[in-house]
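Nothing in this text is a laboratory measurement; each read-out follows from the coordinates by a stated rule. Every value quoted in this text rests on a predicted model; they were computed, and no experiment measured them. All Cβ positions, even for glycine, are placed from backbone atoms using ideal geometry, and neighbour counts span all protein chains on display.
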Amino acid sequence: TTLSEYESKIVLASYQIPVTRETMVETSSDLIPAAHEIGYPVVMKGCSPEISHKTERGLVRIDVRNDTEALNAFNDITSGMNGNTGAVLVQEMVKGRRELVIGLIRDPQFGPCVMFGLGGIFTEILRDVSFRLAPLEKRDALEMMSEIKAHKILDAVRGMEPVDRDILSEMLINVGKIGLTNDTIKEIDINPVIISGSHPVAADALVVLQPTT
């Protein structure tokens with residue numbers, strides 16, 4: 001069983017992991033007030049536990065800038081969901097050129113392992129990742145950051161601020177805590193973690209539950 005992105009981020013936020021501001025809307029009449037509350041530009045996504053790869057399904061619209069664009073995006077997304085249960089997620093558009101991934105996998109022998117690496121489209125292409133067994137201490141989290149080949153992306157590069165490693169460390173530590181305190185969670189995929197200024201924010205997330213026997 002997979003939680004929807006919205007449900008997954010509620011789990012993350014309950015462990016003090018920074019996530020995008022967002023709300024779920026089911027009708028076009030709820031859409032415009034929600035978009036105004038978050039503030040344009042927004043990102044809109046089809047959100048359903050039955051759909052994990054939203055981008056491939058054409059269910060994501062970024063940089064939606066006004067009411068007309070929002071209504072068009074809402075109609076496109078809802079028709080593209082093909083009867084899957086769910087609604088449309090309206091979220092703040094986090095701007096940042098650097099994308100990371102944080103994950104949790106449950107090793108049958110060693111238990112929950114935390115993963116950190118390059119995010120976005122590079123996750124699967126480059127596999128530039130580091131792993132640690134939970135629980136993590138801050139030292140472990142900082143070591144994970146220095147172990148990836150692209151670790152310089154975390155520094156001040158091309159006019160971008162250095163990433164706040166304290167916040168990033170807490171995110172890694174807290175993902176480990178989720179794994180240790182929730183046996184029902186099989187894996188977590190937070191991708192991308194977008195660096196906005198210096199602050200990492202979970203822009204998309206997926207929590208997979210253990211199969212119920």
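Annotations
- For the chain: rounded, prolate or oblate by the Cα gyration tensor [a/c cutoff 1.5]: oblate
- Label zone of residue 32 (point 7 Å out along Cα→Cβ, amide N under 19 Å): in region 69-112 this covers 69-78, 88-91.
- Of the residues 147, 187, the one with the fewest other Cβ atoms within 10 Å heads the list, and the complete ranking is 147, 187.
- Straight Cα distances below 19 angstrom link residue 45 to the lysines 9, 54, 95, with same-chain residues fewer than 8 positions distant left out.
- Helix-only arithmetic for the chain: the sum of -39500 (n - 2.57) across DSSP H runs with n ≥ 4, divided by the residue total, places the mean residue ellipticity at 222 nm at -9500 deg cm²/dmol.
- FRET E, pair residue 198, residue 133, Förster distance 22 Å, beta-carbon r, rounded to 0.05: 0.20
- Counting 0.36 nm for each residue step from residue 21 to residue 152 and taking away their Cα separation leaves a gain of 44.3 nm.
- Rounded tilt (10° steps) of 67-80 against the dominant C-alpha axis of the chain: 80
- Segment residue 10-residue 210, extension gain: residue separation times 0.36 nm, minus the distance between their alpha carbons: 70.2 nm
- By other beta-carbon atoms within 10 Å, ranking 177, 138, 45 with the fewest at the front produces 138, 177, 45.
- Cα-based equivalent ellipsoid, region 98-209: semi-axes from gyration tensor eigenvalues, Å: 23, 14, 13
- Take every Cα pair under 8 Å whose residues are at least 6 apart in sequence, average their separation, divide by the length of the chain, and the relative contact order is 25 percent.
- Once C-alpha pairs closer than 8 Å and six or more residues apart are averaged by separation and normalised to the residue number of region 98-209, the relative contact order reads 31 percent.
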